[in-house]
Amino acid sequence: EAMMMLQNVEVGRSSLDTYRASAGDAAVEELRRLAAPLQGLRVLHLNATAYGGGVAEILRSQVPLLRDLGIVARWKTIPGSSEFFAVTKAIHNALQGGTRGVTPAEWEIYEQTSARAAENVEESYDIVVVHDPQPLMLRHLVGRRDAVWIWRCHIDSSAPDPAVLAKLAPLLGEYDAAVYTLGSFAPPDAPPGRVEIIPPAIDPLSPKNIDLDKGLTTEILDWIGVDVTRPLLVQVSRFDHWKDPLGVIAAYRIVKRRMPGVQLALVGSMALDDPEGWQVYHEISTEAADDPDIYLFTNLTGVGNIEVNAFQRLAEVVIQKSLREGFGLVISEATWKGTPVVAGRAGGIPLQLTDGVGGYLVDSVEECAERILDLLRDPESGRRLALAGRELVRRRFLLPRLIGDELRLYADLLEQHPA
Ligand code: UDP
């Protein structure tokens, strides 16, 4: 029998007390207070991939801390074929305003895979948090089962393809609440019902974000193969058109004409649920083929958390030239490390970065190049901007704040929907 089990992602447990130094004692104590009435609560987080992209990044850090708070938290992924993930990427793109749409045959694949996954939700939960569109149908297929169901949307869905939204709206309507990163992301025609705004956060203690000293940082990147004596520009992101990697290369070329020593590293991860990655990778490598100062790195050749950490630290400027962006953890990751960012004015980016705090927002390739040049010419001002950005991250975008917002929502919903 072809059982399509939900896959358990085992992440153990970590100690909230270790966050006192970065997030402060008050934040840690507030979480313990919020969690006190929720002891033993069974919470399932359900998404599509255990690695690659922001959602996996957050769950990897959040689930172990929920456990430390006395919550019985589980993380599972919905199994799918590459065909299924091609469909869910099409849905993702349509929610971000893409116009390609989703064909009837694709909806059929979506429904069939969802139905097979739904047969295997066996345990009982008090709260089920469904992340993004891939597992969205499970609420409908599994039924309520006395759980509170939350849809956690990480996508800029403010101007979705209307046909795709119309198809998803009845599914969404069955949830007890929908959570978005920004108020404007709740699609205008989404069913009414409770909407909550909770922005994501970064984990200051993950190997991606812990302090690395300059010597170690330099050694890591020297080994990887960039020239650590020349200025380095870095974009860290999935290989996705919405992240505009070709625009990044175009901006770099303008900078390079005025500062010939500059190098560019595009650091990208392949995510299980993003089948477009390879195609975009090939477009980038073709575009970059004539310039040995453009480097392409992926998780498949060993660029993991520590290496990303080193790239975000050693870069003179981090670029995130997104055209659409749900949040963009990479922005906070960079400013947290004291590196200024030049980023596209898109989606959740301006939450973390405003002109003068963290770096600069830009609307075009030319503007992107100008701002990079400004920062390369005046590193001292870049450092000041980044430090202001780091302070914003400390106040608003560290993991304990996110967990607190979610615990408040769980408690509220449980009160309104007793089992
Ligand atoms: N990331 C990584 N290696 C890479 C590219 C990205 O570890 O080669 C991480 C990055 O550091 C960040 C996450 O993947 O933590 C991407 O999250 P973000 O919110 O920026 O974008 P998303 O991929 O969710 O659209």
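DSSP beta bridges in the chain, what fraction antiparallel, as a percent rounded to 5? Don't skip to the end; give the middle numbers.
On the way: 3 of 47 bridges.
Of those bridges, close to 5 percent are antiparallel.
Centroid-to-centroid, using Cα positions, the stretch 341-380 and the stretch 118-186 are 34 Å apart.
Remark: the stretch 364-378, residue by residue, has Karplus-estimated 3J(HN,Hα) of 8, 4, 5, 5, 4, 4, 4, 5, 4, 4, 3, 6, 5, 7, 10 Hz, where x stands for each Gly or Pro and the curve is 6.51 cos²θ - 1.76 cosθ + 1.60 at θ = phi - 60°.
Of all aspartates and glutamates in the structure, those lying under 14 Å Cα to Cα from residue 214, and not within fewer than 8 positions of it along the same chain, are 222, 307, 316.
Based on the reciprocal of the average 1/r between different C-alpha atoms, the Kirkwood radius for the chain equals 22.0 Å.
Residues whose amide H lies under 5 Å from that of residue 45, counting only those 5 or more places away or on a different chain, are 74, 75, 76, 129; hydrogens are built 1.01 Å from N in the peptide plane. In this rough spin-label picture, where each label sits 7 Å from Cα along the Cβ direction, the residue 290-residue 366 distance is 2.2 nm. Taking amide H positions as modeled 1.01 Å from N, with prolines and chain starts lacking one, the residues under 5 Å from residue 295 and 5 or more places away or on another chain are 264, 265, 266. Would you mind checking 76/243; 167/243; 167/208; 208/243 for any pair whose Cα atoms are more than 29 angstrom apart? Pairs exceeding 29 Å: 167/208. The distance linking the stretch 67-100 with the stretch 243-285 is 25 Å (Cα centroid to Cα centroid, whole angstrom). Charges were assigned to the Cβ only: +1 to each Lys and Arg, -1 to each Asp and Glu. The resulting dipole of the stretch 71-183 about its Cα centre is roughly 140 debye. Decide, for the stretch 222-368, between rounded, prolate and oblate: order the square roots of the alpha carbon gyration tensor eigenvalues as a ≥ b ≥ c, take rounded if a/c falls under 1.5, and otherwise choose prolate if a/b is larger than b/c, else oblate. Rounded, because the longest to shortest axis ratio a/c is under 1.5.
For residue 51 and residue 216 in one chain, what is 0.36 nm times their gap in residues minus the Cα-Cα distance, to one decimal in nm? Display every interim value, and only then the final one.
Working: separation 165, 0.36 × 165 = 59.40 nm, distance 2.53 nm.
Answer, rounded to one decimal: 56.9 nm.
Of the accessible area of the chain, with the probe set at 1.4 angstrom, what percent is carbon plus sulfur? After summing per-atom areas, the C and S share lands at 53 percent.
Based on the Cβ-Cβ distance of residue 123 and residue 13, what FRET efficiency does E = 1/(1 + (r/R0)^6) give at R0 = 22 Å, to the nearest 0.05? Here the calculated transfer efficiency is 0.75.
With a ≥ b ≥ c the root eigenvalues of the C-alpha gyration tensor of the stretch 140-187, is it rounded (a/c under 1.5), prolate (a/b larger than b/c) or oblate?
Numbers: a/c = 3.24, a/b = 1.48, b/c = 2.18.
Judged from the Cα gyration tensor, the stretch 140-187 comes out oblate (a/c at least 1.5, b/c at or above a/b).
Taking the chain as a Gaussian network of alpha-carbon nodes connected by springs under 10 Å, the highest mean-square fluctuation of the residues 350, 37, 200 belongs to 37.
The string of couplings for the stretch 151-160 from the Karplus curve (6.51, -1.76, 1.60, θ = phi - 60°) is 9, 9, 9, 9, 9, 6, 9, 6, 9, x Hz, one whole number per residue in order, with x for Gly and Pro.
Once the Cα atoms are used to define both axes, helix 104-118 deviates from the longest principal axis of the chain by about 60 degrees. Full extension of the segment from residue 355 to residue 32, taken as 0.36 nm per residue of separation minus the current Cα-Cα distance, would add 112.7 nm.
Annotation: peptides 159-167, 285-293, ranked by per-residue average of other Cβ atoms within 10 Å with the highest first, follow the order 159-167, 285-293. Here each label is just a point 7 Å from Cα along the line to Cβ, and for residue 206 and residue 306 those points are 1.7 nm apart. Helix 379-396 versus the longest principal axis of the chain: what angle, 0 to 90°, nearest 10, using Cα atoms? So the helix axis and the longest Cα principal axis differ by about 10 degrees.
Gain on full extension, evaluated as 0.36 nm per residue between residue 72 and residue 174 minus their Cα-Cα distance, stands at 34.3 nm.
Protein heavy-atom accessible surface, 1.4 Å probe, per residue over the stretch 194-265: 42 Å².
The residues of the stretch 282-419 expose, per residue, 38 Å² of accessible area to a 1.4 Å probe.
Taking a ≥ b ≥ c as the square roots of the Cα gyration tensor eigenvalues, with a/c under 1.5 meaning rounded and otherwise prolate when a/b beats b/c, else oblate, which class fits the stretch 318-409? Oblate. What is the helix-to-structure angle for 305-314, meaning the angle in degrees between its Cα long axis and the longest Cα principal axis of the chain, kept from 0 to 90 and rounded to the nearest 10? Between the helix axis and the principal axis of the chain, the angle is about 40 degrees.
Nearest 500 deg cm²/dmol is fine: what mean residue ellipticity at 222 nm does the chain get from its DSSP H runs of n ≥ 4 alone, each adding -39,500 (n - 2.57), divided by its residue count? Mind dumping the intermediate values first?
Details: 16 runs with 183 residues, N = 419.
Helix contribution divided over all residues of the chain: -13500 deg cm²/dmol.
How big is the antiparallel share of DSSP beta bridges in the stretch 261-406, given as a percent to the nearest 5? Before the final figure, lay out the partial values.
Details: 1 of 15 bridges.
In the stretch 261-406, approximately 5 percent of DSSP beta bridges are antiparallel ones.
Hey, what's the stretch 1-122 come to in accessible area per residue, 1.4 Å probe, Å²?
Counting only protein heavy atoms, the per-residue value for the stretch 1-122 is 43 Å².
Shown in residue order for the stretch 335-344 are the 3J(HN,Hα) couplings computed by the Karplus curve 6.51 cos²θ - 1.76 cosθ + 1.60 at θ = phi - 60°: 5, 4, 8, x, 9, x, 10, 10, 9, x Hz (x for Gly and Pro).
The values are calculated or read from the model by the stated rules, or taken from the named source; none is laboratory data. Model, not experiment: these values are computed from the prediction. All Cβ positions, glycine included, derive from the backbone under ideal geometry; neighbour counts span all protein chains shown. Heavy atoms of the whole protein, side chains included, go into the accessibility calculation; ligands, DNA and RNA do not. Shrake-Rupley method; radii C 1.70, N 1.55, O 1.52, S 1.80 Å.
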